[in-house]
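Taking it in order: structure first as C-alpha cells, then the write-up.
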C-alpha cells in the first residue's frame, strides 16, 4: 500500500457489510504506522456499517501482537472504546471490540465496566456475540484476578446450558483458567486466550 491512503475509502471496499474487503492489507499498513490509529478508531463510529465493521476488524487484528508504540497509541483511546462497546449496534463491531479491548492495559474499574457490558451480551441472539463475550470475560481475569471465581462460575454454567459454541468455548476457557489459576498477571503483548 502507498505511504498515504484514504483510510475510509479503503475500508469502504466490500460487497456487503460483513465482507472483509481489504482488512488484511490495512491491518499490515496500520501496524507499521501507529500514528494513524486515531484515524482508524474514528471510523468505528462511521454511519456505514461496512466501514465500521472493517475498522473494528483491523483494530482486532493489530491488537493481537502490537508493537509497544501501537499498543500505547490504542491505549490512549481506551475510554472511548469502552464507551463504544456499550453502545455498538453492529454485531461484527461488537465482537471485534470485545476481543480487542481486553488486550489493552485496563484498570480494575475499567475491567469491571467491560464485564458488565459483556454480561448483558450473554443473552444476545447471536451465538458469536455470546461466545466472544465469554472469551473476553476470561481474558479480563488476567488484569482483574478478583473476578476469576465469578467468571469460572459463568463458564461452568454456560458450559452446561449455553449454545453449542458457548459450551465448547467454555470448556476450553475453563481448562486454560484452571491451569493458570494463581499465576494470573498481565503479560505485555501476550494473551493466554489468543
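The values are calculated or read from the model by the stated rules, or taken from the named source; none is laboratory data. On a predicted model such as this, the values are computed, not experimentally measured, just so you know. Reconstructed Cβ throughout: ideal geometry from the backbone, glycine too, with neighbour counts over all protein chains shown.
Within the range 4-35, the set of residues being assigned to a helix (DSSP H, G or I) and over 19 Å from the mean Cα position of the chain (by Cα) comprises 7, 8, 9, 10, 25, 29, 35. With respect to (1) in contact with a helix residue (DSSP H, G or I) (Cβ under 6 Å, 6 or more places away or on another chain); (2) within 16 Å of residue 96 (Cα to Cα), the lone exception for residue 66 is condition (1).
Every condition in (1) at pLDDT 95 or above; (2) surrounded by 15 or more Cβ atoms within 10 Å (Cβ to Cβ); (3) assigned to a loop (DSSP other than H, G, I, E, B) is met by residue 132 except one, and the failing one is (3). Applying the criterion of at least 3 residues that are in contact (Cβ under 8 Å) with a residue 12 or more places away in the chain, under 15 Å from the mean Cα position of the chain (by Cα) and farther than 20 Å from residue 140 by Cα to the helices (runs of 4 or more DSSP H) found wholly in the range 37-110 leaves 49-62. Quick check: anything in the range 5-28 closer than 26 Å to residue 107 by Cβ and surrounded by 14 or more Cβ atoms within 10 Å (Cβ to Cβ)? Looking for residues that are closer than 26 Å to residue 107 by Cβ and surrounded by 14 or more Cβ atoms within 10 Å (Cβ to Cβ), one finds none in the range 5-28, hence no.
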